[in-house]
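Accompanying notes for the structure given below.
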Amino acid sequence: MATSNQPAGLQDSDTDLREESIGALLRQLSEQTATLVRQEFDLAKAELTERGKRGGVGAGLVGGGSLVALYAVGAFTAAAIAALATGMETWLAAVIVGAVYAVVAAVVVLIGKRRVAEAMPLAPETAESIKEDVQWAKTQTPSGSR
């Protein structure tokens with residue numbers, strides 16, 4: 001039965017670490033820190049790759065849908081101009097339809113621009129974890145003045 005306040009698992013590793021030299025412990029800390037940083041970068045890379053794949057598929061779908069929408073807009077434009085032309089000159093009907101489209105386009109662009117600005121930056125959540133790991137590693141290395 002252990003008399004220490006530490007859990008049994010920590011006592012064994014504490015005993016092992018106390019038997020190691022300072023140089024060996026520093027080497028072990030350096031290796032573990034390098035491994036941790038490497039794993040964090042691999043995680044960030046995997047996250048960005050996955051986001052890129054999803055973004056690429058989404059962009060392809062948006063492009064295809066936009067092409068079909070362009071055809072629909074052309075057909076509706078012709079229909080709107082023809083309908084308005086029954087009561088006015090054809091050129092005036094075309095100007096009115098064009099002005100309506102310009103207003104709709106401006107609104108859509110402004111909304112899209114705002115959404116893109118909200119989505120930035122594209123850095124993965126892992127970046128914060130990497131910063132925390134580096135800060136932790138700095139606090140674990142012994143000071144040269146002691």
Among ILE111, ILE81, which comes first, second and so on when ranked by fewest other beta-carbon atoms within 10 Å? ILE111, ILE81
Sticking with the crude label model, points 7 Å out along Cα→Cβ, report the distance from VAL104 to ALA75 in nm, one decimal please. 1.4
With label points built 7 Å along Cα→Cβ from the Cα atoms of ARG114 and ASP16, find their separation and express it in nm. 5.7
Semi-axes of the equivalent ellipsoid of the stretch 48-104: what are they in whole Å, largest first, if each equals the square root of 5 times a C-alpha gyration tensor eigenvalue? 37, 11, 5
Per 10 Å bin, what percent of the C-alpha pairs of the stretch 26-122 does each bin hold, from zero upward? 12, 22, 21, 16, 11, 8, 5, 3, 1
³J(HN,Hα) computed for each position of the stretch 48-55 - Karplus, 6.51 cos²θ - 1.76 cosθ + 1.60, integer Hz, glycine/proline x: 5, 5, 5, 4, x, 5, 5, x
So how far apart, in nm, are the two label points at GLU47 and ALA127 if each is 7 Å from Cα heading toward Cβ? 1.0
Alpha carbon centroid spacing (whole Å) that separates the stretch 30-95 from the stretch 97-122: 12
Fewest to most Cβ atoms within 10 Å: ASP133, ASP42 sort as ASP42, ASP133
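What does the net charge come to around LEU36 if you take all other residues with beta carbon closer than 12 Å to its beta carbon, with K and R at +1 and D and E at -1?
On the way: positive: ARG38; negative: GLU31, GLU40, ASP42, GLU132, ASP133.
Its environment carries a net charge of -4.
By count of other Cβ within 10 Å, fewest leading, how are MET88, MET120 ordered? Mind dumping the intermediate values first?
Numbers: MET88 11, MET120 7.
Starting with the residue having the fewest Cβ neighbours, the order is MET120, MET88.
Since every read-out is calculated from the coordinates, none of them should be taken as a lab result. Predicted model only: the values in this text are computed from it and were never measured. Quick reminder, even Gly has a Cβ in these numbers, built from the backbone with ideal geometry, and neighbours come from all protein chains shown.
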